[in-house]
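Heads up: the structure comes next, in C-alpha cells.
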Amino acid sequence: MARPPVVKIMDYGKYKFEEAKAARAAKKKQHIIHLKEVKFRPGIDDHDFDFKVRHAREFLGEGNKVKVTMMFRGRQIAHTELGKAVLDRVAASLADVGKVEQDAKLDGRNMVMVLAPK
C-alpha cells in the first residue's frame, strides 16, 4: 500500500509461459468423465447379457458413466415392459459398482437409462 503506487517491471513472455505451463500441469492431472454406451435388445440371451454387463462394469470401474440403451424393433415397441425388465436386471447386476443416475425412459424406439460410478 505504498504512496505513490509502485509498479513491478516484468517479462510478459516469461509470465505467459509460466501461466501456460501451470495450465498444462493442471490439465494433465484432471480426469474427464466420458459417457460410454451399451446397447441391449428385449430378447437378449444370458451369455450376451453377461458379456455386455461385464463391459459396463469395466466402464464404471474406469470412472466413466454408462448409457444403457434398449433398442426396440417392429412390434417389440408394444411390449416395452420386457425391455424395462432387462434394464432393471442390468441395474441390479451393476448395483455394487454403479448407481442409477437417470431412470429408464422411452425416447422414440429406444429406452435409455444412465448409470454413474459410485
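When DSSP assigns beta bridges and you keep just the ones with both residues in the chain, what percent turn out antiparallel, to the nearest 5?
70
Among HIS34, VAL112, LEU60, pick out the residue whose Cα is farthest towards the positive end of the charge dipole of the chain, where Lys and Arg carry +1 and Asp and Glu carry -1 on C-beta, about the Cα centre.
The residue sitting most towards the positive pole is HIS34.
Once every DSSP H run of n ≥ 4 in the chain is given -39500 (n - 2.57) and the sum is divided by its residues, what mean residue ellipticity at 222 nm do you get, rounded to the nearest 500 deg cm²/dmol?
-13500 deg cm²/dmol
Can you order the peptides 99-106, 16-23, 84-91, 65-72 by their average number of other Cβ atoms within 10 Å per residue, highest first?
65-72, 84-91, 99-106, 16-23
Could you check the spin-label model distance between ALA116 and VAL6? Points 7 Å from the Cα along Cα→Cβ, value in nm.
Once both label points are built, they end up 4.9 nm from each other.
Under a Cβ-only charge scheme (Lys and Arg +1, Asp and Glu -1), can you give me the dipole magnitude of region 28-88 about the Cα centre, in debye to the nearest 20?
So the dipole magnitude of region 28-88 works out to roughly 400 debye.
Report, ordered by chain and residue number, the lysines lying within cross-link reach of LYS99, taken as a straight Cα distance under 28 Å and ignoring same-chain residues fewer than 8 apart.
LYS27, LYS28, LYS29, LYS36, LYS39, LYS52, LYS65, LYS67, LYS84, LYS118
Residue-wise, which Karplus ³J(HN,Hα) couplings in Hz belong to region 85-101, taking 6.51 cos²θ - 1.76 cosθ + 1.60, θ = phi - 60°, and x for glycine or proline?
Coupling constants for region 85-101: 5, 5, 5, 5, 5, 5, 4, 5, 5, 9, 4, 6, 10, x, 10, 6, 8 Hz.
Given 0.36 nm per residue, what is the gain on full extension from ARG73 to ASP103 after removing their alpha carbon distance, in nm?
The ARG73-ASP103 span can extend by a further 8.7 nm.
Give me D for region 35-117 in µm² s⁻¹, whole number, from Stokes-Einstein with Rh from the Kirkwood sum over alpha-carbon pairs, 25 °C and 0.890 mPa s.
Rounded to a whole number, D works out at 196 µm²/s.
Residues with amide H under 5 Å of GLY98's amide H, sequence separation 5 or more or different chain, H placed in the peptide plane at 1.01 Å from N; which?
So GLY98 has HN proximity to LYS118.
Give me the distance between the Cα centres of region 48-68 and region 69-93, rounded to whole Å.
17
Please state the charge dipole magnitude for the chain, taken about the Cα centre, from unit charges on C-beta atoms (+1 on K and R, -1 on D and E), reported in debye and rounded to the nearest 20.
720
Quick one: Cα convex hull volume of region 61-102, Å³ per residue?
Normalising the Cα hull of region 61-102 by residue number yields 72 Å³.
In whole Hz, with x marking every Gly and Pro, tabulate ³J(HN,Hα) for region 34-51 from phi via Karplus 6.51 cos²θ - 1.76 cosθ + 1.60, θ = phi - 60°.
9, 9, 9, 10, 10, 9, 10, 10, x, x, 6, 7, 4, 5, 4, 4, 4, 4
Values in this text are rule-based calculations from the coordinates and carry no lab data. All values derive from a computational prediction rather than experimental measurement. With ideal geometry, Cβ positions are generated from the backbone for all residues, glycine too; neighbour counts draw on all protein chains shown.
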